[in-house]
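To keep things clear, I will list the structure first and then write my remarks on it.
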Amino acid sequence: MSDAETSATSDSSESNTLWHGRFEGGPAEALMAYTVSLPYDQRLASHDILGSKAHARGLERAGILSGDEVGSVLLALDEAGAELANGTFSFVDSDEDIHTAIERRVTEIAGDAGAKLHTGRSRNDQVATAFRLWTKDAVSMIASKAADLQQVFAEQARNAGDAYLPGYTHLQRAQPVLLAHHFAAHAWALGRDIERLIDARSRMDVSPLGAGALAGTSLPLQPSEVAKDLGFAEVFTNSLDVTSDRDFVAESLFGLALLGVHLSRIGEEFVLWSSEEFGFVSLDDQYATGSSMLPQKKNPDIAELARGKSGRLIGNLTGLLATLKGLPLAYNRDLQEDKEPLFDSVDQIALALVAISGMVDTATYNTTNMAEAADSPTSVATDLAETLVSNGIPFRQAHAIVGEMVRSSLAGNSTLVELAVAHPDLGPETAALFEPGAAARRRTSPGGAGPAPVQAQLEQLEVYMKKLRSLI
Ligand code: ARG
């Protein structure tokens, strides 16, 4: 929600801050303007309500809230949640964040029972709890969208059959590879991204609720019970650590940044491949844009933004690390700066994954142009050297012999195939190496780029993707 929207629903009536008892007057407008997080942390509303319900039930177990009281607090939390969801929740000026706003509203609805909700709790453990719950859901959502893109690459790999293209190093043609091998390479990278997010999720699955402001409480609360109630795998063991730990945000931002870097590399390839110079792919009209001035243009904007926005994802990670690095234990207000970067990275990656999935899925791959580029005689050079090796010549010498033949063919004396056929250690059979697609077919070693290993690889990829889906 934007600032404008927040103030549109905001009530200007007098209201108290959470700390008004200790202070003589109200806060300066400038303080509130600078410190509020409500415009963005409203996204935590439903997770805050989950945490508050679990805390209320914990207070009942500790004998602090009666059965009736807890009943009215739970109803009030539901009502506040419904108002937030349908847009009828009215905010007041002292609502500095969503946690404050919900507690205020619960107290308005449930009276004294509501006023007991914050017993034994601080916003420090409350915020950490809501944000961990939100982040667990967010990384699961992203992992699932990344698995969808992985699936698209696996399908394209299956559809690619025996099509081949030049494989590049230094963006110079190196050796032909099956197109399926190329698509599958991106699927494996996405698999590591998914694993990283799932791994981060398991480490963030620790409940902070019950840690209080920093040191726990004198009241007979049982943090482990609340942790179970909230579906956390574990409960904190150190209140100072858990109220100030934002490793889970940094790890998520890293997982998203690296995923973003992979999307950026995919984007860069589509930019190159869709150029007239390469002509390897033609984007579907739905996933390309035109130019306002140049009628002939069809632009790969999704691919370019995947490349461009990766900078921002890296910035969100490095920005948070810089915020964290100077903080003494335990909670410091600086930690409020954890939310916007993660919200932004999650939003950007979610949009990117869907757009890129559509782009890759609907594009037309021009396998004739790919084959033409891959069948250039020089891409057979390594095979010539390996033929010499099979004839007993040490690889270093073989490399030099073929290198000289390439140099001579480029000087225009004879073609490479003529030179190879005429060479005493190669001979007429080597002409077959120059047949279209022969070089790609000869990549037979495990994990290599030819039909047999690629077939085996695609089967492994299926198994891997199934396993990942079961973990998300
Ligand atoms: N909105 C704040 C945050 O996200 C709430 C915590 C404020 N805690 C405090 N002790 N002032 O960090």
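Computed values, structure above
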| item | result |
| --- | --- |
| GLY51 surrounded by 18 or more Cβ atoms within 10 Å (Cβ to Cβ), within 16 Å of the ligand (Cβ to nearest atom) and on the phi > 0 side of the Ramachandran plot | no |
| Number of the condition not met by PHE395 [criteria: (1) without any contact (Cβ under 8 Å) to a residue 60 or more places away in the chain; (2) buried (at least 17 other Cβ atoms within 10 Å of the Cβ)] | (2) |
| All positions within region 333-383 that are open to solvent by less than 10 Å² (accessible area, probe 1.4 Å), of a type in the set (Asp, Glu) and either over 30 Å from PHE395 (Cβ atoms) or within 16 Å of the ligand (Cβ to nearest atom) (or both) | ASP338 |
| Pick from region 322-332, criterion over 22 Å from the mean Cα position of the chain (by Cα) and crowded, with 17+ Cβ neighbours inside 10 Å, ranking: farthest from the ligand (Cβ to nearest atom) | ALA330 |
| Failed condition for ASN124, given (1) polar (S, T, N, Q); (2) open to solvent by less than 20 Å² (accessible area, probe 1.4 Å); (3) within 14 Å of the ligand (Cβ to nearest atom); (4) assigned to a helix (DSSP H, G or I) | (2) |
| Conditions (1) part of a loop (DSSP other than H, G, I, E, B); (2) surrounded by fewer than 23 Cβ atoms within 10 Å (Cβ to Cβ): number failed by LYS228 | (1) |
| Boolean, ARG201 is without any contact (Cβ under 8 Å) to a residue 24 or more places away in the chain, open to solvent by 10 Å² or more (accessible area, probe 1.4 Å) and either on the phi > 0 side of the Ramachandran plot or not small (Gly, Ala, Ser) (or both) | no |
| Qualifying position, being among the basic types (Lys, Arg) and either within 16 Å of the ligand (Cβ to nearest atom) or not in a helix (DSSP H, G or I) (or both), among ARG201, ARG132, ARG192 | ARG132 |
| Residue in region 175-184 that is open to solvent by 10 Å² or more (accessible area, probe 1.4 Å), out of contact with any Phe, Trp or Tyr (no Cβ under 6 Å at 6 or more places or on another chain) and over 29 Å from LYS466 (Cα atoms) present | yes |
| Among residues of region 93-116, those that are more than 16 Å from the ligand (Cβ to nearest atom) and not in a helix (DSSP H, G or I), counted | 2 |
| Per-region count, region 19-48, residues surrounded by fewer than 16 Cβ atoms within 10 Å (Cβ to Cβ) and aliphatic (A, V, I, L, M) | 4 |
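The values are calculated or read from the model by the stated rules, or taken from the named source; none is laboratory data. Note that the structure is predicted; figures quoted are calculated from it, not measured. Cβ atoms come from the backbone with ideal geometry, glycine included; neighbour counts cover every protein chain shown. Heavy atoms of the whole protein, side chains included, go into the accessibility calculation; ligands, DNA and RNA do not. Shrake-Rupley method; radii C 1.70, N 1.55, O 1.52, S 1.80 Å.
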